[in-house]
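Worksheet: one structure, shown below.
The values are calculated or read from the model by the stated rules, or taken from the named source; none is laboratory data. Bear in mind that the values here come from a model prediction, so they are computed numbers and not experimental data. Methodologically, a virtual Cβ is constructed for each residue, glycine included, from the backbone with ideal geometry; neighbour enumeration extends over all protein chains shown.
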Amino acid sequence: MPDHPLETRIRDLEADNARLRRLLDDREMPAELRHRVRNTLALVRAVVRRSAETSATLDEYAAHLEGRLDAILRVQNAIAQSPPDGIDLHSMVADELLAHLAREGDQADLAGPKIYLRPKAAESFGLALHELAINAIKFGALTAANGRVAVTWKVSEDSGIEPVLHFRWEESGVPVAPAKASHRGFGSEVLERTLRYQIRADVDFAFNRDGIACDIRLPFPPQIGMVRHAREGTGAEPGDFGG
């Protein structure tokens with residue numbers, strides 16, 4: 001009998017994990033890369049564990065794990081090709097929506113300043129975007145042609161207070177019953193725990209008359225990301241923030 005796809009994927013993960021551990025044992029590996037690999041391994045372990053805890057069947061676990069690992073892979077590919085500034089948040093959102101056949105301008109509207117995320121923050125945020133997109137497809141705005149997703153973000157900064165990235169995902173056109181939008185069904189447990197643990201983010205869900213809304217608030221020091229102002233032709237320096 002052929003192996004279950006999940007068994008094949010787990011074997012691949014175990015092989016990848018072994019290769020990564022061998023890399024970590026290499027004394028010649030640059031410290032920054034070593035740190036990045038450790039962060040990625042920690043995130044993958046969290047994804048595997050949370051996917052198991054929130055799945056009712058093996059097939060559901062396989063589907064959840066596959067989608068989440070693919071989301072991490074998309075971010076890893078972006079990191080490998082990213083400029084020194086980091087990974088463009090607008091591109092991350094657009095790419096995740098496109099992976100689920102939702103194009104910007106059709107069913108999705110994106111608006112916000114040019115923001116770049118550092119690799120660790122991008123990995124965690126990429127996973128959050130995947131959860132939001134997949135839930136919109138299963139239960140929310142992307143289940144119908146008249147549904148829409150509006151994604152907005154900004155950075156607020158008050159004198160003497162750490163800057164904060166405010167990210168909002170708001171759906172409309174397809175009302176969702178709160179009973180259907182359970183923690184398990186909407187992946188909010190994965191969203192909340194992973195983002196809080198990895199990058200100290202707070203996540204809030206609201207079930208409005210016209211659809212779900214998700215607000216993410218993320219401390220935004222230079223280690224997390226930066227803003228490029230509209231007047232700038234090159235990347236902003238770390239710590240150069242704008243609203």
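The residue that is nearest to Val174 (Cα to Cα), counting only those in region 136-150 that are surrounded by 24 or more Cβ atoms within 10 Å (Cβ to Cβ) and of a type outside the set (Gly, Ala, Ser), is Leu142.
You will find that of Asp240, Asp158, Asp202, the residue that is modelled with pLDDT of 90 or more and either surrounded by fewer than 16 Cβ atoms within 10 Å (Cβ to Cβ) or farther than 18 Å from Glu96 by Cβ (or both) is Asp202 and no other.
When Pro178, Pro221 are screened for being at pLDDT 85 or above and assigned to a loop (DSSP other than H, G, I, E, B), only Pro221 passes.
Please find, within region 205-217, the residue that is surrounded by the fewest Cβ atoms within 10 Å (Cβ to Cβ) out of those that are touching a residue at least 40 places away in the same chain (Cβ under 8 Å) and closer than 12 Å to Ala150 by Cβ.
If we filter region 205-217 for residues that are touching a residue at least 40 places away in the same chain (Cβ under 8 Å), which is where we start, we get 211-217.
Remaining after also requiring closer than 12 Å to Ala150 by Cβ: 211-214.
Details: Gly211: 22, Ile212: 26, Ala213: 16, Cys214: 22.
My answer is Ala213.
Please find, within region 161-175, the residue that is surrounded by the most Cβ atoms within 10 Å (Cβ to Cβ) out of those that are at pLDDT below 90 and closer than 22 Å to Tyr116 by Cα. Checking each candidate, the answer is Glu162. Among the residues making up region 224-237, those that are modelled with pLDDT of 85 or more and assigned to a strand (DSSP E or B) are Gly225, Met226, Val227.
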